[in-house]
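Following: one structure in structure tokens, then a few remarks.
The values are calculated or read from the model by the stated rules, or taken from the named source; none is laboratory data. Predicted model only: the values in this text are computed from it and were never measured. Heads up, the Cβs are rebuilt from the backbone with ideal geometry, glycines too, and the neighbour counts pull from every protein chain shown. Ligands, DNA and RNA are excluded from the accessible area calculation, which covers all protein heavy atoms including side chains. Shrake-Rupley method; radii C 1.70, N 1.55, O 1.52, S 1.80 Å.
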Amino acid sequence: MDAFITRRGGGGAPLNFKITGGTTAPENPKENTIWVNTDTEMTGWTFSATEPESPIEGMVWIKTNNISQNSFDALTKNGLTVYPECAVQYISGSWDAKEGRIYQAGNWIELWGGYLYRNGNMYEYITGGWTVYNSSAGTGAIFDDNIRISYSGSSGRDSSVYTNQKIDFSKHAFNTLYARVNITYVGLSGVTLGVTQAAPSASVYYNNCAVKTSSKITGSQVLSVDVSSIRTGEYYIALGADASDAYIYEVWME
Amino acid sequence: MTVYIDSDFRCHVENDGTMTPVETDFFDGKCNEWIEGYRFVPDGERWTREDGRVFRGEMLAPWKPFGELDAAQRAYERAQLADMRAALELLGVNADE
């Protein structure tokens, strides 16, 4: 599933990168090789800051911005600088986020578009996975396509879920943290989305967060919190329910 | 504790007469520089960031670079610890006992 394109003759400059798909990272990669971890055949690729029109099944879109720390010159001469952000692939009518890595200076470096959790995909290469923490009456659990934080009892009613590893905020320039949830019951402090350096616990609301937002409204909604002033340090991302019940479907940053 | 928020939801430790008092334990133990580097959007309120994104309360987020606030808080805690040790020494108590 390689797509290595070199222009020959006509005065055009050869490409200074390669894009390859597959479930195993290529051995002995050249500088600026981009590997997209996918078991779906890659039928083509494009670099773009905006969504391609009329994509075909299997197309890989390398999203670009102007801040990526993994920029490279796309041409061997007369440099055309590309700032890759992340890789998505067009599968069954929608864009699927894929693990993407670029080989630079002897290392594979992840390309990340900001997703932390999506309908069962835990983005382990960023988060290390997610773990639920329950107090004595907490009944939170991880399911195939969502995470529940909830309780059943009269005391010890906290339930939370944390990323297993901290996210390094110095490597990215996201301004907002989001979570798409369905809050089915609200009690006490409701449901909280937080960013914290403190060790995981069943409570997020009381767990010394650097940033947090809480909702006491039931129903499907998107929680959002401003993280634009956090540009250094490593933090867990967490959601917690304080005598409340909620289902979590997506967590991401933009 | 009581903090005071201005029209942009920025926190202050003193009220200049135009601010709204809010009760929160989020800032318990925090120095003034930390507190005044934060924005507190109460439940039911909305704040619009410069880029147009709207955030619903309750939200607590720094508006100053968090690294600076963290450094100020650590310095504050070190100073408090030094004061406590000096007080114990004055009382003739070995702080390490």
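Here is the figure for region A:195-220: residues that are more than 17 Å from A:ILE167 (Cα to Cα), assigned to a strand (DSSP E or B) and within 9 Å of another protein chain (Cβ to nearest Cβ) total 3. Residues in region A:208-254 that are free of Cβ contacts under 8 Å to residues at least 40 places away in the same chain and either β-branched (Val, Ile, Thr) or within 23 Å of B:PHE66 (Cα to Cα) (or both): A:ASN208, A:CYS209, A:ALA210, A:VAL211, A:LYS212, A:THR213, A:SER214, A:ILE217, A:THR218, A:SER229. If only residues of region A:74-96 that are modelled with pLDDT under 85 and open to solvent by 40 Å² or more (accessible area, probe 1.4 Å) are counted, the one that is nearest to A:GLU41 (Cα to Cα) is A:ASP96. In region A:221-230, the qualifying residues are those that are polar (S, T, N, Q) and at the interface with another protein chain (Cβ under 7 Å from one of its Cβ atoms), and the one that is farthest from B:PHE27 (Cα to Cα) is A:SER224. Of the residues making up region A:54-73, just one is more than 21 Å from the chain's Cα centre (by Cα) and open to solvent by less than 20 Å² (accessible area, probe 1.4 Å), namely A:PHE72. Among the candidates B:MET84, B:MET1, the residue that is surrounded by fewer than 14 Cβ atoms within 10 Å (Cβ to Cβ) and under 11 Å from the mean Cα position of the chain (by Cα) is uniquely B:MET1.
One residue stands out among those in region A:231-241 that are modelled with pLDDT under 95 and over 16 Å from the mean Cα position of the chain (by Cα): the one that is nearest to the other protein chains (Cβ to nearest Cβ), which is A:THR232. When the strands (runs of 3 or more DSSP E) confined to region A:98-184 are screened for residues that are open to solvent by 30 Å² or more (accessible area, probe 1.4 Å) and on the phi < 0 side of the Ramachandran plot, those reaching at least 2 such residues are found at A:107-111, A:115-118, A:130-134.
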